1. Could you list all residues from the range 161-207 that are modelled with pLDDT of 85 or more, within 25 Å of P149 (Cβ to Cβ) and not hydrophobic (A, V, I, L, M, F, W, C)?
2. Looking only at the range 40-58, count how many residues are out of contact with any helix residue (DSSP H, G or I) (no Cβ under 6 Å at 6 or more places or on another chain) and either part of a helix (DSSP H, G or I) or farther than 22 Å from L101 by Cα (or both).
3. In the range 59-97, which residue that is under 16 Å from R125 (Cβ atoms) and either aromatic (F, W, Y) or assigned to a loop (DSSP other than H, G, I, E, B) (or both) is modelled with the lowest pLDDT?
4. Under 15 Å from the mean Cα position of the chain (by Cα) and part of a helix (DSSP H, G or I): does that describe R35?
5. Inspect the range 134-152 for any residue being at pLDDT below 95, open to solvent by less than 30 Å² (accessible area, probe 1.4 Å) and closer than 30 Å to L205 by Cα and give the result as yes or no.
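The values are calculated or read from the model by the stated rules, or taken from the named source; none is laboratory data. Source: prediction; values computed, not measured. Virtual Cβ from ideal backbone geometry, glycine too; neighbours counted across all protein chains shown. Accessible surface areas use protein heavy atoms only, side chains included; no ligands, DNA or RNA. Shrake-Rupley method; radii C 1.70, N 1.55, O 1.52, S 1.80 Å.
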Amino acid sequence: MARPRSVSDEQIVEAARAVFLERGVGATTAEIARRAGVAEGTLFTRYATKADLFEAAVGLRDVAPWRDGLPGRVGTGEVRGHLEHVARRVLEDAARVVPRLTLMLSQGHAPDHNPLLRRIGDPLRRDLEALAAYLRAEMGLGRVRPQDPEIAALALLGALTQHVHRELLAGAEGEDAPPCPAPHFTPADPDRFVSALLDLLWPGLAP
């Protein structure tokens, strides 16, 4: 019988997150292993590369399950309702990931060739591709007005991302964000924001 793991993957990820938040992308796997209380080789039996561990620490591996469900929504239900569902999930993911990623990248200046940054690339790319593909399919069914699906997807996701950044900069504190007092700042209600955003964008998408 295999010996049970004395240190779980979750504990390793938590240790990596703490070290990356303190040291930025320049943190070493040796530092992370010490924080987690495991041998460095153990890290690489769980996560093949430092980039894999960084993605897990940021939370990028846990985001966007909505992408997998979008193809099954084509031609069913109400398109606006599906877009509101996507928007709420994007806000939830971004509210968790953006503060972590911002703090980790703010610790020092990593060179442009840093493999961790290359691995992340454009975090919105896969979201844009998935949403554009959904909109293109609905346009083919006449359920969305014909137009450039990439631009439509970018308009929605761009507004959501900008909203998250504004909340962060104005004083909303993410799970890992340090205190950032803003006495006159009141975070916007996500459901209200999504509804108002679709009130603005849907007339241009409705068939």
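1. Passing the criteria: T161, Q162, H163, P190, S195, D199, P203, G204, P207.
2. Counting residues in the range 40-58 that are out of contact with any helix residue (DSSP H, G or I) (no Cβ under 6 Å at 6 or more places or on another chain) and either part of a helix (DSSP H, G or I) or farther than 22 Å from L101 by Cα (or both) gives 5.
3. The selected residue is V63.
4. No.
5. no
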